[in-house]
Every structure is written in C-alpha cells, then in structure tokens.
1. Under 10 Å, Cα contacts only: if you run a Gaussian network model on the chain, which one of Leu55, Leu21, Leu30 comes out with the highest mean-square fluctuation?
2. Angle check, please: helix 86-95 long axis (alpha carbons) against the longest principal axis of the chain (alpha carbons), in degrees 0 to 90, nearest 10.
3. In whole percent, what relative contact order does the chain give with Cα contacts below 8 Å and a gap of six or more residues?
4. Helix-derived [θ] at 222 nm for the chain: sum -39500 (n - 2.57) over DSSP H runs of at least 4, divide by residue count, nearest 500?
5. With r defined as the distance between the Cβ atoms of Gln91 and Thr122 and R0 fixed at 22 Å, what FRET efficiency is calculated, to the nearest 0.05?
6. Among [x] 120; [y] 97; [z] 105, which is the computed volume of the Cα convex hull per residue in Å³?
7. Please work out how much length the chain gains when fully extended from Ile98 to Ile5, using 0.36 nm per residue of separation minus the C-alpha to C-alpha distance, in nm with one decimal.
8. Which is farthest toward the positive dipole end of the chain among Ala109, Met93, Ala11, measuring Cα position about the Cα centre, with Cβ charges +1 (Lys, Arg) and -1 (Asp, Glu)?
Amino acid sequence: MIKKIDHIGIAVRSIEDSLKLYIDVLQLELIGVETVESEQVKVAFIKAGETKLELLEPMSDDSPVAKFIEKKGEGIHHIALGVESIEERIQYMKEHGIQMIHEQSKPGAGGAQIAFMHPKSTGNVLLELCEKK
C-alpha cells in the first residue's frame, strides 16, 4: 500500500532565504524549483539521502501554506507517502474512516498526483498520498 516516504514538506516564507541553510550549510543537493498552481505554492525539492525535502513558499496570502505559516509559523507542513493507484488508496482511506481533504487526486509537483488526508483523522499530522508515474 505505502511504498515509502516520498518527501517531507516544509513551509517557508522564502525559498531563496531557506536554501542558504539546506544547500550552503547542510550541503544538500537542490533537485529543482517549480510552481504548483493548484496549491498556490512555489516548491524546491532537495535531496536528503533516500528522501526529499520539499520547501513550500506561498504564492498568495490566501494559499493553504500561507495560512499554515500565519497560524503555526515556518516548519514541517506534511509528510508525503508514495503510493500506487492513488484513486484506490483514497477510496481505501475513506472506507477506513479517514477524512480526505481531496476526494480525488490532483496535480502536484514533479508530475505527481496528490491527495491530502485531513489531520483530524491522522493524529494531527497532515499526510499526503503521492503517486508518481
């Protein structure tokens, strides 16, 4: 069902400022930067061994990440779980009492299809299902 932890999302006010820590100080590798219009964020993927870190910078004040930063500050935003057959996984989660934020998958970064589970159903942890072809 779950193949791996695909990435850990980290909400930041500025990717440019944050890269100084991850690239210059921690000496991790920047994989790429892109915009995800559906989530109103700019993202930077950083290779950290077997897992990736995804820096999330809000593109507007009403984006979900901007609201997260306003409420909780910068920090870990979500954990993305790599899956196959995301639509089947969404249905499985719903059948097992998990409230979904997204009832169907939607385009995410890196060509992935994504869907988030509501933290009220997952012990206050925002979990993302992430399918990459």
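We did not get these values from a lab; they are worked out from the coordinates using the rules stated. Model, not experiment: these values are computed from the prediction. Backbone-built Cβ (ideal geometry, glycine too); neighbour counts: all protein chains shown.
1. Leu21
2. 60
3. 26
4. -5000 deg cm²/dmol
5. Rounded to the nearest 0.05, the efficiency is 0.85.
6. The value computed from this structure is option [z].
7. Gain on extension, Ile98 to Ile5, equals 31.6 nm.
8. Checking the options against the dipole of the chain, the answer is Met93.
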